[in-house]
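Below you will find the structure I want to go over with you.
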Amino acid sequence: MSRRIVITTDYLEPGDSVDRLLREYGLEPVYSPAAGSRTEEEQRNLLKGSVGGIVASEPITRDMLAEATDLRILARSGVGYDSVDTNAAEEFGIRVANTPGVNHHAVAELTLALMLNCAKRLNDVITGTKSGQWPRTASTELRGKTLGVIGYGPSGKAIAAIGAALGMKVIVGTSHPDTKADPSIEFADVDTVVAAADYLTLHARAAGTPIIGADRLAAMKDTAFLINTARGSLIDEAALVGALGQEQIAGAALDVLGAEPMTKDNPLRNFDNVWITSHLAGQTVEARERAGLAAAQAVIDVLEGKEPVGLIV
């Protein structure tokens with residue numbers, strides 16, 4: 001039987017803790033880091049001859065899985081798995097797992113950093129000061145503002161707790177309210193959260209259609225900021241461009257986009273009140289270590305006939 005494990009996650013490399021763990025179990029890690037788009041042939045052959053894979057967020061298609069006749073397990077070194085054709089995987093008997101709970105603190109911390117940038121205009125001030133200006137524009141405080149959180153998984157819970165600790169009013173939209181949550185945290189339907197928030201932050205799973213479209217953007221306060229550190233598909237980007245152009249909201253801070261890396265013609269580049277980071281919310285040293293080891297353990301578990309943590313199909 002093949003012992004080959006393809007690894008496309010770019011921060012995993014030979015000799016690291018993940019490599020050592022896999023080799024301890026007699027597996028053979030093969031590195032093919034995701035860096036830009038692959039040719040059709042490269043895609044078709046990526047998983048061929050491998051019994052397992054630890055994959056980044058690049059698309060894993062039905063055609064790729066059909067070619068991978070030895071493949072038994074695909075482990076995402078992250079939480080999102082919408083890049084994997086899970087229906088095809090299930091059809092071909094390939095298990096798919098993610099690594100829940102490994103990066104929620106990292107995601108919450110970047111969310112806080114983006115909120116602070118919106119409130120303090122830190123990027124503008126730092127850039128202006130370096131260019132020889134001395135910006136003295138008044139900023140705003142987070143304390144006393146309303147933090148709207150959509151989604152109450154691990155990262156949603158983490159940022160809600162941070163918001164409450166900062167003295168913000170926290171209101172959460174989720175289909176699974178937590179009756180044991182801090183009593184200062186309120187739960188409401190998504191539309192109520194959208195309309196109430198001064199800072200609206202997304203922590204939901206991928207949905208078939210965007211959660212934030214034209215109607216909900218129009219319902220936001222014109223002083224509110226939209227923050228997304230979850231998935232680019234949660235926002236209708238064309239609607240967001242329209243809302244920004246009409247000054248329906250105060251701005252947006254986005255760590256994820258519909259197409260990544262950001263294209264040169266993306267109209268979001270044209271707004272001074274939009275701050276975009278490069279899908280790095282979960283990319284701390286600590287979170288990477290946890291994610292890599294959790295993905296490796298999922299591969300090992302399946303190959304040993306066990307059910308892994310984070311099993312999707």
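Which residue is nearest to residue 262 (Cα to Cα), if the candidates are limited to the range 1-22 and must be assigned to a strand (DSSP E or B) and under 27 Å from the mean Cα position of the chain (by Cα)?
Here the answer is 7.
A further question follows. Of all the strands (runs of 3 or more DSSP E) wholly in the range 23-112, which have at least 1 residues that are in contact (Cβ under 8 Å) with a residue 12 or more places away in the chain and either touching a Phe, Trp or Tyr at 6+ places or on another chain (Cβ under 8 Å) or surrounded by fewer than 24 Cβ atoms within 10 Å (Cβ to Cβ) (or both)?
Answer list for the range 23-112: 28-31, 95-97.
Please verify whether the range 154-168 includes one or more residues that are assigned to a helix (DSSP H, G or I) and either touching a residue at least 60 places away in the same chain (Cβ under 8 Å) or outside the structural domain of residue 114 (by TED's automatic domain parsing) (or both).
Scanning the range 154-168 turns up at least one residue that is assigned to a helix (DSSP H, G or I) and either touching a residue at least 60 places away in the same chain (Cβ under 8 Å) or outside the structural domain of residue 114 (by TED's automatic domain parsing) (or both).
Return yes or no: is residue 128 small (Gly, Ala, Ser), touching a Pro at 6+ places or on another chain (Cβ under 9 Å) and within 23 Å of residue 77 (Cα to Cα)?
No; evaluated as a whole, the condition is false for this residue.
So, residue 14, is that one surrounded by 13 or more Cβ atoms within 10 Å (Cβ to Cβ) and within 18 Å of residue 295 (Cα to Cα) or not?
Spelling it out, it is not the case that residue 14 is surrounded by 13 or more Cβ atoms within 10 Å (Cβ to Cβ) and within 18 Å of residue 295 (Cα to Cα).
Next question. Does at least one position in the range 254-266 carry a residue that is closer than 16 Å to residue 103 by Cβ, touching a residue at least 24 places away in the same chain (Cβ under 8 Å), out of contact with any strand residue (DSSP E or B) (no Cβ under 9 Å at 6 or more places or on another chain) and not β-branched (Val, Ile, Thr)?
No, the range 254-266 contains no residue that is closer than 16 Å to residue 103 by Cβ, touching a residue at least 24 places away in the same chain (Cβ under 8 Å), out of contact with any strand residue (DSSP E or B) (no Cβ under 9 Å at 6 or more places or on another chain) and not β-branched (Val, Ile, Thr).
The values are calculated or read from the model by the stated rules, or taken from the named source; none is laboratory data. All values derive from a computational prediction rather than experimental measurement. For neighbour counting, all protein chains shown are included, and Cβ atoms are generated from backbone atoms with ideal geometry for every residue, glycine included.
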